[in-house]
Amino acid sequence: MPDAAVVGSGPNGLSAAIELARAGLRVRVHEAEPTIGGGTRSAALTLPGFVHDVCSAIHPMAAASPFFTGLPLAEHGLEWIHPDIALAHPLPDGSAVAMVRSVDDTAKGLGADAGAYRRVVAPLADRFQDLLGDTLGPILRMPRHPLLLGRFGMRAALPSGRLPFRGERARALVAGLAAHSFLPLDAPFTASFALILGAAAHAAGWPIARGGSQRIADALVATLKALGGEIAASDRVDSLERLSPARAILFDISPAALERIAKNRLPERYRRALRRYRRGPGVFKVDYALSGPVPWLAPECRRAGTVHLGGTFEEIAAGEAEVGRGGHPDRPFVLVAQQSLFDDTRAPPGKHTLWAYCHVPNGSTEDMTARIDAQIERFAPGFRDLVLARATAGPREVEAHNANCAGGDIAGGAHDGLQFFARPVLALDPYATPARELYLCSSSTPPGGGVHGMCGLHAARSALRRSFGIR
């Protein structure tokens with residue numbers, strides 16, 4: 001009989017299980033799908049020999065994670081590959097902004113905004129681990145570095161367009177980074193996404209996992225098993241009765257799913273709060289098998305692991321605003337990853353993969369394939385001629401693959417309004433539920449989405465304190 005059970009084997013579920021096992025507890029992880037990993041799975045989605053990342057592809061927060069960096073993941077086969085250029089952002093004039101590890105070298109490509117970029121980003125990159133220690137956790141707690149957090153927070157609370165950049169190049173770079181929030185760019189706190197992701201590029205890079213994102217999950221599983229933990233795949237938990245008695249049960253699932261599974265074990269007031277928790281926009285994703293590398297106009301894009309497609313700040317802002325209104329932009333903001341340029345395990349010799357998605361309203365049924373193709377072709381004429389096969393996934397398919405991604409929401413819920421802080425409720429311990437043995441450890445808890453394991457870590461520590469008296 002386990003001391004603790006974890007439902008869901010995404011990075012947060014596995015991280016929670018590892019932290020519990022490190023405390024000497026017997027832990028069992030239950031995963032509904034045949035493959036472990038949640039958002040860090042890889043599969044042959046198009047043609048034989050092509051390895052595609054099913055969800056997460058580029059991993060700045062995993063490389064920087066205070067939890068992951070303390071685990072022996074490299075000993076269990078995880079190898080990070082750092083592209084020459086972390087991020088390229090092509091512009092309508094055929095040029096591109098390049099984000100590289102050096103703050104100075106990145107700033108040099110921003111023209112008149114070079115000085116402002118150094119002033120804003122360099123202090124955050126220089127003390128990035130201190131910053132993460134205060135931002136990747138519960139909102140209601142005393143920071144260890146209040147001056148640093150205050151310096152970050154003054155700008156982080158702004159809409160992204162109010163950061164102190166005036167030129168087209170710097171503003172376009174900020175727009176692409178801020179759009180990772182899934183919010184209209186005039187929304188408060190969109191600047192926080194731009195600042196964190198930008199600083200991460202300089203402090204830790206935006207790496208890919210050799211062999212596929214599945215290798216992250218595999219390394220976490222191997223770490224857990226080395227500590228004596230157990231994994232049960234193809235083991236769907238749809239009620240508490242499906243689980244053996246345990247002193248703590250941690251759920252790496254959505255608030256709505258927790259409410260359905262726990263039912264009357266939770267008081268009605270808390271259940272109402274879980275039901276009110278709002279989903280964010282969805283994604284429409286296309287995976288490509290290509291006969292050659294993408295023929296980008298801008299040479300920087302040919303050396304970048306990630307490419308942000310959308311043009312100017314104004315173009316990206318218009319597209320994300322359209323999604324926020326429930327529409328489908330003709331020119332969507334498209335996030336592109338080209339892992340096979342740097343990892344020869346991803347495709348047959350001479351061939352390549354491409355990973356791309358855009359934002360759509362939650363639950364959308366619109367086919368965005370042609371619009372994603374057109375955005376790539378816009379900045380890489382001749383791209384369509386290289387396509388050997390496509391695998392498309394709209395919100396329904398995304399949810400079918402991972403039930404946590406309801407309506408195609410891969411971010412664990414909307415980040416707007418009070419929900420930016422109240423994930424899933426505003427509390428000193430947002431991981432604990434009113435039922436003493438039940439905890440939530442998914443990306444619907446602080447610090448939210450991303451492959452970093454910190455939601456799982458904090459939930460596990462909550463369970464150790466409350467259910468086991470271990471501090």
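Things worth noting here:
- Alpha-carbon Rg with Dmax, taken over the chain, Å: 21.2, 63
- Expressed per residue, the C-alpha convex hull volume of region 167-288 stands at 213 Å³.
- Summarising the strand pairing of the chain, around 65 percent of its internal DSSP beta bridges are antiparallel.
- Each part reduced to its alpha carbon centroid, region 114-173 and region 379-407 end up 32 Å apart.
- Taking all C-alpha pairs of region 76-130, those more than 18 Å from each other amount to 46 percent.
- Between the amide H of LEU438 and those of ILE249, THR433, distances stay under 5 Å, these residues lying 5 or more places away or on another chain, with hydrogens modeled in the peptide plane.
- Orientation-averaged projection of region 23-72 equals 5.5 nm² [convex hull of Cα atoms, one quarter of hull surface area].
- Anisotropy class of region 343-387 from Cα gyration tensor, a/c 1.5 cut: oblate
- By the rule of a C-alpha distance below 17 Å, with chain neighbours fewer than 8 residues away ignored, the aspartates and glutamates paired with LYS263 are ASP238, GLU241, ASP252, GLU437.
- Note on LYS351: lysines with a C-alpha under 28 Å away, same-chain residues under 8 apart excluded, are LYS285.
- Once the Kirkwood radius over Cα pairs is known for region 110-217, the Stokes-Einstein relation at 20 °C and 1.002 mPa s delivers a diffusion coefficient of 146 µm²/s.
- Packing-based ranking, highest mean first, of 37-45, 419-427 given that Cβ atoms within 10 Å are counted: 37-45, 419-427
- Of interest is the spacing of the C-alpha centroids, which for region 267-312 and region 313-342 amounts to 8 Å.
- Helical contribution to [θ] at 222 nm, DSSP H n ≥ 4, -39,500 (n - 2.57), averaged over the chain, rounded to 500: -10000 deg cm²/dmol
- In sequence order, calculated HN-Hα J values of region 233-239 (Karplus, 6.51, -1.76, 1.60; Hz; x Gly/Pro): 8, 6, 10, 6, 9, 10, 7
- When region 23-182 is reduced to its Cα atoms, the Kirkwood hydrodynamic radius in Å: 19.0
- Modelled label reach - ARG162, point 7 Å along Cα→Cβ, region 182-213 residues with backbone N closer than 19 Å: 182-196
- Using a Förster distance of 60 Å, the FRET efficiency for ALA422-SER291 (Cβ separation, nearest 0.05): 0.80
Every read-out reported here was derived from the displayed coordinates using simple, explicitly stated rules and does not represent laboratory data. Remember, it's a predicted structure, so these values are computed and weren't measured experimentally. Quick reminder, even Gly has a Cβ in these numbers, built from the backbone with ideal geometry, and neighbours come from all protein chains shown.
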